[in-house]
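To start, the structure itself, in structure tokens.
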Amino acid sequence: MSNPQEIELKLLVPGLTAAAALQLLRRAPSLARRKLRQQQLVNRYFDTPERLLQQQRCALRVRQRRDVHAGTGSEGDTITGASVWVQTLKTAGSSSAGLSQRGEWECLVAADQPERAGLRGTAWDALDPDGALFERLQPCFETRCLRTTWLVARRDGTLLEVSLDAGEVLADGQTQPLLEVELELLAGAPTALFDLADELARRLPCLPCNLSKAERAGLLANGQLLQPVRARRLERQRGEALPALALRVLGEAQDQFLRNLEGLLHSDAPEWVHQARVGWRRWRSLLRLLRPWVGPGPDFTELRPLLDALGAQRNLDVGCSETLPAWSGAWACAQAGAADGTAALPPPPDASTNACAQALAELQAARSAQRTRLRQTLLEPATGQALLALTRYLWQAGQQPMAIEKRAIGARLARWHQRLHRLLQGEKAQLLDVATLHEARLLAKRLRYGSEAMASTLPAKRLRQSQQWVKDATLWQTRIGQARDAWQLALLLQQHTHAPPALLGFMQGVAAAMERAAQEAASPG
């Protein structure tokens, strides 16, 4: 039975064919002179009808493994060797944005069904002491891939396995393509995983990923793989130390960011972009909240092109699907009233309606072009390296001693709330300007995300306060955000369309009015 400890780093390889990815990897300095091995793998996963193993974040699979050799047969250029069946049990462990550490037990089995004897002496004993769960197991999904593997041995004794998996996930009649690189640590320190991953990321696009193949197949079977990933509230586990929870919530926010980046590569739905930006803002907010204990965050300079592209895409998404449609009727009314001196309802489509429709069409074209630029930015090797740096930072934070006092997080959130109150309702509130409103909006987001993520760490009194803080922060975030969206639409119309000056002036007037309303609502008395 194999060593029951697996430490690996998983990277998706978007935007390339399997052949192109293989050629790029073969030219990487650490792999160029090393012999590769190829195998056809069929992984069949087993669970109970109600998915009890999945609920426990465990996976039981039986893998068919067949060696592939170069050949000259009449039907192709490969011949395939005899198959071997391997049973693997994987249990829940720690994972964060691509790096996972979990229990793993393997043994040979006779055929394509799990064997109870091979599970004795593993974590299965505690999971299924009387064997009742084993009796209810059934096949639930499969993955199939061609695996290309290299072994990388360093002079310091470090041993790593690099695998390129190209294939598909099959579940509940659905199929999803799969192309990913796995780096597994066989001996040595985890830093070697990040060093090698960084070397590979210089040559091919990559996206750190926290989903195992079993989890990916399970989400596909449940219809959740192609849905945007929203924030999850993590409860503090019994006996869990505050530093451990802090690292978990940071990992969850980073995972939300990365999972939605993957989704926007394949879908035009604006929610993927929105949730990617929410994940990023949550991660930044939590880093600020936890800075006294985790220290300064990583340098985001190399991520700036991606973050700017996400922001530009979100602005166009909101302008096209929300702000302009919401105000087009009022614009038509205003034009009709200006024409006859009344505030009558707009007549049938006329020049004002056509101007709005033309502006929307031009914004839609800009939106589509920006989406292409965003995806190209995400596929740049420099972006993959920057995302890997975030993963390395989070792992390194977990290696440092960290002591968080029980009430410290609540006290820090309270100071944020007091600062927001001073900005919006203190003595200087009557002097609010655009810059101050923007600062207040960012602080409101920070307060909201921090309060939601760390709610389970707060004592009862502070928890009740934080729930009110979240309501207040959400209100201000929305109110100030609506004024910002109106200003942003006016800017987009100016940058991307031939909208008439009257439409630009109308939206600028709307934005100014909404901004004044936010200022008046914030002012005391």
Exercise for the section: Could you list all residues from segment 180-214 that are open to solvent by 30 Å² or more (accessible area, probe 1.4 Å) and under 22 Å from Leu146 (Cα atoms)? Expected result: Glu184, Leu186, Arg203, Asn210
Handout entry: Filter pass, Arg203 being charged (D, E, K, R), in contact with a Pro (Cβ under 9 Å, 6 or more places away or on another chain) and not in a helix (DSSP H, G or I)
Key = yes
Exercise for the section: Of all residues in segment 220-234, count the ones that are modelled with pLDDT of 90 or more, open to solvent by less than 40 Å² (accessible area, probe 1.4 Å) and closer than 25 Å to Arg281 by Cα. Expected result: 2
Practice task
From Ser285, Ser321, grab the single residue that is surrounded by fewer than 18 Cβ atoms within 10 Å (Cβ to Cβ) and either touching an Asp or Glu at 6+ places or on another chain (Cβ under 9 Å) or assigned to a helix (DSSP H, G or I) (or both).
Solution key: Ser321
Exercise for the section: Being under 18 Å from the mean Cα position of the chain (by Cα) and outside any helix (DSSP H, G or I) is the filter; apply it to segment 231-259 and report the residue that is farthest from Lys406 (Cα to Cα). Expected result: Ala231
Completion exercise
Expected output for segment 168-195 (first residue free of Cβ contacts under 8 Å to residues at least 12 places away in the same chain, partner in a strand (DSSP E or B) and surrounded by fewer than 19 Cβ atoms within 10 Å (Cβ to Cβ), Cβ below 6 Å, 6+ apart or cross-chain) is Thr175/Glu168; Pro177/Glu168
Practice task
Kindly provide the set of residues from segment 438-480 that are surrounded by fewer than 16 Cβ atoms within 10 Å (Cβ to Cβ) and small (Gly, Ala, Ser), ordered by number.
Solution key: Ser456, Ala460
Handout entry: Single match in Thr436, Thr457 (criterion: among the hydroxyl-bearing types (Ser, Thr, Tyr), within 18 Å of Arg291 (Cα to Cα) and modelled with pLDDT under 90)
Key = Thr457
Practice task
Looking only at segment 488-498, decide whether some residue is under 30 Å from Leu413 (Cβ atoms) and either in contact (Cβ under 8 Å) with a residue 60 or more places away in the chain or open to solvent by 20 Å² or more (accessible area, probe 1.4 Å) (or both).
Solution key: yes
Handout entry: Criterion (surrounded by 18 or more Cβ atoms within 10 Å (Cβ to Cβ), within 30 Å of Leu183 (Cβ to Cβ) and either free of Cβ contacts under 8 Å to residues at least 40 places away in the same chain or not polar (S, T, N, Q) (or both)) met by exactly one of Leu413, Leu388
Key = Leu388
Exercise for the section: Take Gln23 and decide whether it is open to solvent by 80 Å² or more (accessible area, probe 1.4 Å), free of Cβ contacts under 8 Å to residues at least 12 places away in the same chain, within 23 Å of Asp255 (Cβ to Cβ) and not acidic (Asp, Glu). Expected result: no
Practice task
Confirm whether Gln358 is open to solvent by 50 Å² or more (accessible area, probe 1.4 Å), at pLDDT 80 or above and assigned to a helix (DSSP H, G or I).
Solution key: yes
Completion exercise
Residue count, segment 361-380, condition surrounded by 16 or more Cβ atoms within 10 Å (Cβ to Cβ) and either in contact with a strand residue (DSSP E or B) (Cβ under 8 Å, 6 or more places away or on another chain) or not in a helix (DSSP H, G or I) (or both), comes to 2
Handout entry: Candidates His274, His266 - the one that is free of Cβ contacts under 8 Å to residues at least 60 places away in the same chain and not in a helix (DSSP H, G or I)
Key = His266
Handout entry: Any chance Thr88 is among the hydroxyl-bearing types (Ser, Thr, Tyr), at pLDDT 85 or above and out of contact with any helix residue (DSSP H, G or I) (no Cβ under 6 Å at 6 or more places or on another chain)
Key = yes
Exercise for the section: Test Gly311 against the stated conditions and say whether it is in contact with a Pro (Cβ under 9 Å, 6 or more places away or on another chain) and either over 23 Å from Trp487 (Cα atoms) or of a type outside the set (Val, Ile, Thr) (or both). Expected result: no
Practice task
Looking only at segment 291-303, decide whether some residue is surrounded by 21 or more Cβ atoms within 10 Å (Cβ to Cβ) and under 29 Å from Ala355 (Cα atoms).
Solution key: no
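The values are calculated or read from the model by the stated rules, or taken from the named source; none is laboratory data. Just so we're clear, the structure is a prediction, and the values are computed from it rather than from any experiment. Methodologically, a virtual Cβ is constructed for each residue, glycine included, from the backbone with ideal geometry; neighbour enumeration extends over all protein chains shown. These accessible areas exclude ligands, DNA and RNA; they are computed on the full protein's heavy atoms, side chains included. Shrake-Rupley method; radii C 1.70, N 1.55, O 1.52, S 1.80 Å.
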